[in-house]
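The values are calculated or read from the model by the stated rules, or taken from the named source; none is laboratory data. Only a predicted model underlies this, so the values are computations on that prediction, with no experimental measurement involved. Here the Cβ is made from the backbone with ideal geometry for all residues, glycine too, and neighbour counts use every protein chain on show. Remember, those area values only see protein heavy atoms, side chains included, never the ligands or the DNA or RNA. Shrake-Rupley method; radii C 1.70, N 1.55, O 1.52, S 1.80 Å.
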Amino acid sequence: MKKLLTLLIAAVLAAFAVACAPSVVNNHNTSTTEDQKSECVASLLPNVVELKYGASFGTGFIYTYDGDDPIMLTNFHLCGTDSFYAEYLSVRFSGTTDYVSDIAEVLGYDATYDTVVLRLHGDVPKTEFVDLRAKIEITPKAAEEVLLIGNATGNGLSVFDGVVSAPEKVIEIDGKTLATMSTTA
């Protein structure tokens, strides 16, 4: 399970990092214009989900489908315990104002890699989510441009652009080893 989650995290980071790159030359993204960045954000925004778990806020995103059910990936630290209870989770989709609860089922989690994989059902908007597996072109490398979408405060979404400084960085926080990617954003 841990290896599967690690591969899933790497694939998703790669998908978001390169999903909107205008062209790739020798595994290096060429410069992205502001219009291209805007188009990228607009195309991926339906996949971004704001989360509320008790008093904590976070961001997740729709990664792919299982049948008609979207599969969402988010951070385990959102719940802050060694177990994740989907019934305490509420989600808000792009373009909506209200949080919806009782629509998530935990498929798996790994506290070490700070990951939770959820299946969404019920009141999920009838939106065309991008299957991010089809967007993966390369693994992000140092010096590549990326767009980061999310907000940990629960006050809407923010978009940052930056450059990858450490694509595969492992850090330790409070005795936990976490796989991360450092950027200038």
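THR112 passes every criterion in (1) at pLDDT 85 or above; (2) touching a Ser or Thr at 6+ places or on another chain (Cβ under 9 Å); (3) open to solvent by 30 Å² or more (accessible area, probe 1.4 Å); (4) over 19 Å from ASP131 (Cα atoms) apart from (1).
Between VAL130, VAL159, VAL117, which is part of a strand (DSSP E or B), open to solvent by less than 50 Å² (accessible area, probe 1.4 Å) and among the β-branched types (Val, Ile, Thr)? Lay out the reasoning, then the answer.
Details: VAL130 fails: part of a strand (DSSP E or B); VAL159 fails: open to solvent by less than 50 Å² (accessible area, probe 1.4 Å).
The unique qualifying residue is VAL117.
Only a single criterion out of (1) more than 16 Å from the chain's Cα centre (by Cα); (2) open to solvent by 30 Å² or more (accessible area, probe 1.4 Å); (3) more than 24 Å from ILE173 (Cβ to Cβ); (4) at pLDDT 75 or above is not satisfied by ALA142, namely (3).
Just need a number here: residues in the range 64-80 that are among the β-branched types (Val, Ile, Thr) and open to solvent by 60 Å² or more (accessible area, probe 1.4 Å).
We begin by selecting, within the range 64-80, every residue among the β-branched types (Val, Ile, Thr); these are 64, 71, 74.
Going one step further and asking which of them are open to solvent by 60 Å² or more (accessible area, probe 1.4 Å), we end up with none.
Looking only at that region, the number is 0.
Checking every residue in the range 166-173 against the condition of being within 25 Å of GLU34 (Cβ to Cβ) and either modelled with pLDDT of 75 or more or outside any loop (DSSP other than H, G, I, E, B) (or both) gives at least one match. Residue count for the range 96-107, restricted to those that are over 11 Å from GLU50 (Cα atoms), open to solvent by 60 Å² or more (accessible area, probe 1.4 Å) and not hydrophobic (A, V, I, L, M, F, W, C): 2. Before we move on, is PHE61 under 29 Å from VAL164 (Cβ atoms), open to solvent by less than 50 Å² (accessible area, probe 1.4 Å) and out of contact with any Leu (no Cβ under 9 Å at 6 or more places or on another chain)? Spelling it out, it is not the case that PHE61 is under 29 Å from VAL164 (Cβ atoms), open to solvent by less than 50 Å² (accessible area, probe 1.4 Å) and out of contact with any Leu (no Cβ under 9 Å at 6 or more places or on another chain).
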